[in-house]
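Single-structure report; data block below.
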Amino acid sequence: MIITVPFLSREQERAERLFDVIHWLGGAGHCILAIGPDVHPEYQEKVRIAAEVACQSVQGLKTTVTEGQTKTQQINAVFGQVADHIRRWCRQPWLWLEPCCVPLRKSWLADLRKAYEEQPRRYLGAYMQGKAGRFLSRVAVYPFDAADD
């Protein structure tokens, strides 16, 4: 399962700390860093190094957002770019892991992988209720072709 960690400049320090935690818990496999356009090159490098210590392989994906978008619109734009990239190039399930999330036990990734493989749905995550109805939280496991849905 691929881990994707998106971050804009306001989440860059959290992203770096997230990889510290992943490393302390035993590491992970492949990771995609979805780097926002406002992240300074020095911080891109700091997060990349932390990710390389924590993960077996790391790929950076520079993303674009439009000026004037709300935070939610920016994150959704980055999400769409990541989903399209995975559909085209990776073709395996992926976890969207925002920097504010923190794994709590060594088996976190194996537990998520097992739960995803053992359940019948295409998506694994928490459903939330909003003004527009019920929706899947972004922090979830997605099939490789989620961009097509």
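Descriptive notes on the structure:
- Normalised by the number of residues in the chain, the mean separation of alpha-carbon contacts (under 8 Å, six or more apart) gives a relative contact order of 28 percent.
- The range 7-149: antiparallel DSSP beta bridges as a percent of all, rounded to 5: 50
- Isolated cysteines of the chain, defined as having no other cysteine beta carbon under 4.7 Å away, are CYS90, CYS100, CYS101.
- Solvent-accessible surface of the chain, averaged per residue with a 1.4 angstrom probe and all protein chains in place: 57 square angstrom.
- Fraction of accessible area attributable to carbon and sulfur, the chain (%, probe 1.4 Å): 51
- For ILE35, net neighbour charge (Lys/Arg +1, Asp/Glu -1) across residues whose Cβ lies under 12 Å away: 0
- Put a dot 7 Å past the Cα of TRP24, heading toward its Cβ, do the same for LEU104, and the two dots end up 1.5 nm apart.
- Cross-link partners of LYS114 among lysines (Cα-Cα below 26 Å; sequence separation of 8 or more within a chain): LYS106
- Student exercise, the chain dipole from Lys, Arg, Asp, Glu Cβ charges, in Debye to nearest 20: 400
The values are calculated or read from the model by the stated rules, or taken from the named source; none is laboratory data. Being a predicted model, the structure only gives us computed values, none of them experimental. Cβ coordinates were reconstructed from backbone atoms using ideal geometry, including for glycine residues, and neighbour counts include every protein chain displayed. Heavy atoms of the whole protein, side chains included, go into the accessibility calculation; ligands, DNA and RNA do not. Shrake-Rupley method; radii C 1.70, N 1.55, O 1.52, S 1.80 Å.
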